Amino acid sequence: SPRRLTRNPLRSRFTMLASLLFWLLLFCGAAPAFPWRSAVRHSRSRALQMIGDINPCSIKVVGVGGGGGNAVNRMIERGISGVEFWTVNTDGQALAHAEKLGARVLNIGATTTRGLGAGGHPEVGRSAATESRAEIAEAVKDCDLVFVTAGMGGGTGSGAAPIVAEVAREQGALTVGVVTKPFGFEGRKRMQQALSAISELEKAVDTLIVVSNDKLLQIIPSNTPLEQAFVVADDILRQGVVGISDIIVRPGIINVDFADVRSIMQNAGTALMGIGSGSGKTRAADAAVSAIASPLLDFPIEAAKGIVFNIVGGADLTLTEINQAAEVIYEAVDQNANIIFGALVDESIDSGEVQITVLATGFAVPGQKVPAASAASSQSKPVAPPAMAPQAPSVVPQPRMEPPDASSSVPEFLSRLKRKGK
């Protein structure tokens, strides 16, 4: 009869343990079989590394010429964070001062001007920028947002700013120009040079904001010394840049990211920028009115198609106040405007104060074509130079704010946005 096979219990247990050990090693990645396990693990670790390496929005402020350099110096002194500062000039002495303050500097037109300036001739500034075009491209590369700030009417700012903006835009950056028009007392020739330069700059940027220095005379005391008046003009440039960069850089309760700002400002051509503040019972509404009805405006807003506004307040900032400010802004813009808003709490703000920054694009002025927009930078108190008693500006009419309906849990402006989406 055939030999009967008997099962060895010890061998069965050994086989079971060996199989279990093999599968454990396989799923832990130690087994040599199935090399796809190693590839998947490497792919996951690489994806995590890429997420960790994502950089925040890269913002550079390029001050061109004397006025732009002064604005950059003021921003550095104020301790603006999240921004890289550059000063571009043909004046070696001005560049040395900016470098001491911490700005990165670029001396353009070393052959054309030999560091002695442009002598108030825009064509010299243009030639200097053309000569140093490669260096300018190196300075603004790998950047998401570039501000080109300058005082128009002189040589370097008027001639070089359009070239700097053109190069920045070629590098793929959202390019925003923030410039000033000269005071009337600076002469007709300087004003003509400024208007010509602004026209050229408008072609080279995505968005252009122009500050009219003559409008400052309406908000500063009549006895302000000449030097202090120019200081105020430089500070308006600073506020124009900070008003936009803060919206992107500073994290808030309701965040506005770079993509939001780009959607409003890319290829916008003209823009209106307003900064306002308020305190008291209707502080948010007052700040909104101050931002959109500043005496610095060359013309009123009638029908803005794109709006970005950011509300900054203390820990006591309420949703009702955001609603009140939004209602004021809604009344001043087109019904179908693309509106993006953000809100953040800043412990450094004075208790009881609310600050609002408004960016408006795509608006029209009846009966005329606007060559460039104006910047608004207005507070509920007048803009005045340091250590001087402020003089009250003309009173801006305040909106009549009805008390919010306590039974409604959804603010009116949010309901309106919801209705538009249907």
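The values are calculated or read from the model by the stated rules, or taken from the named source; none is laboratory data. Not measured: the values here are computed from a predicted model. Cβ: placed from backbone, ideal geometry, glycine included. Neighbour counts: every protein chain shown. Each accessible area value is taken on the protein alone, full model and side chains, heavy atoms only, with ligands, DNA and RNA left out. Shrake-Rupley method; radii C 1.70, N 1.55, O 1.52, S 1.80 Å.
Filtering segment 74-98 to residues that are touching a strand residue (DSSP E or B) at 6+ places or on another chain (Cβ under 9 Å) and within 21 Å of Cys143 (Cα to Cα) leaves Met75, Ile76, Ile80, Gly82, Val83, Glu84, Phe85, Trp86, Thr87, Val88, Asn89. Within segment 343-357, residues that are under 21 Å from Met273 (Cα atoms) and small (Gly, Ala, Ser) sit with their Cβ atoms under 8 Å from residues that are at pLDDT below 80 and in a strand (DSSP E or B), at 6+ positions apart or across chains, in these pairs: Ala343/Ile254.
Residues in segment 325-339 that are open to solvent by 30 Å² or more (accessible area, probe 1.4 Å) and either in a strand (DSSP E or B) or under 14 Å from Ala291 (Cα atoms) (or both): Glu327, Glu331, Asn338. Filtered by the rule that a residue be surrounded by 24 or more Cβ atoms within 10 Å (Cβ to Cβ) and part of a loop (DSSP other than H, G, I, E, B), segment 140-165 gives Met152, Gly153, Gly154, Gly155. All conditions in (1) on the phi > 0 side of the Ramachandran plot; (2) in contact with a Lys or Arg (Cβ under 7 Å, 6 or more places away or on another chain) hold for Gly187, with the sole exception of (2).
The rows are residues; the columns are (1) under 25 Å from Leu216 (Cα atoms); (2) modelled with pLDDT of 80 or more; (3) open to solvent by less than 30 Å² (accessible area, probe 1.4 Å).
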site: Ala291; (1), (2), (3): yes, yes, yes
site: Gln379; (1), (2), (3): yes, no, no
site: Ala387; (1), (2), (3): yes, no, no
site: Ser394; (1), (2), (3): yes, no, no
site: Glu402; (1), (2), (3): no, no, no
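Scanning segment 213-254 for residues that are of a type in the set (Lys, Arg) and assigned to a helix (DSSP H, G or I) yields a count of 2. Taken over segment 271-284, the residue count meeting the criterion of being open to solvent by less than 10 Å² (accessible area, probe 1.4 Å) and touching a Gly at 6+ places or on another chain (Cβ under 7 Å) is 2. Each residue in segment 310-346 was checked for being aromatic (Phe, Trp, Tyr) and under 21 Å from Val249 (Cβ atoms), and 1 of them qualify. Scanning segment 166-197 for residues that are in a helix (DSSP H, G or I), hydrophobic (A, V, I, L, M, F, W, C) and either open to solvent by 50 Å² or more (accessible area, probe 1.4 Å) or over 12 Å from Val148 (Cβ atoms) (or both) yields Phe185, Met191, Ala194, Leu195. Applying the set (1) of a type in the set (A, V, I, L, M, F, W, C); (2) in a helix (DSSP H, G or I); (3) at pLDDT below 95 to Ala137 leaves exactly one unmet item: (3).
I'm trying to understand the selection: among the residues of segment 72-100, which are loosely packed, with under 15 Cβ neighbours inside 10 Å and in a helix (DSSP H, G or I)? Glu77, Arg78, Gln93, Ala96, Glu99, Lys100 - these are the residues of segment 72-100 that are loosely packed, with under 15 Cβ neighbours inside 10 Å and in a helix (DSSP H, G or I). The residue that is nearest to Gly151 (Cα to Cα), among those in segment 212-238 that are open to solvent by 50 Å² or more (accessible area, probe 1.4 Å) and among the acidic types (Asp, Glu), is Asp214.
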